[in-house]
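Shown next, in structure tokens, is the structure this report addresses.
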Amino acid sequence: MIISAHWYPDLKKIGEAAMFKKIANFFDGVVFEMKKVSWPSWPELKGSTIVVLVLSLILALFLFVIDVILTKLVNVIL
């Protein structure tokens, strides 16, 4: 026989309490793990950001050039 929270309101309250306890445990774990993270210093963060932006720009320019070349090639063929 299946016990339903519909027929036993106390089970529903117990389930809700357990759910909130699980959520609280989850966030406790998140806080614990975030304390272990090695965050970069401000100069490291700026340097990494510059590297990412420059490489993104180089990749965008490379893809633009390839796109222009392929477009001209297709127009010549057709």
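Quick one: in segment 24-45, which of the residues that are of a type in the set (A, V, I, L, M) and assigned to a helix (DSSP H, G or I) is modelled with the lowest pLDDT?
24
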**Message:** Residues that are modelled with pLDDT of 95 or more, part of a loop (DSSP other than H, G, I, E, B) and loosely packed, with under 10 Cβ neighbours inside 10 Å: does segment 53-76 have at least one?
**Reply:** no
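The values are calculated or read from the model by the stated rules, or taken from the named source; none is laboratory data. Small disclaimer: the values here were computed from a predicted structure and weren't measured. Ideal geometry is used to build each Cβ from the backbone, glycine not excepted, and the neighbour counts take in all protein chains shown.
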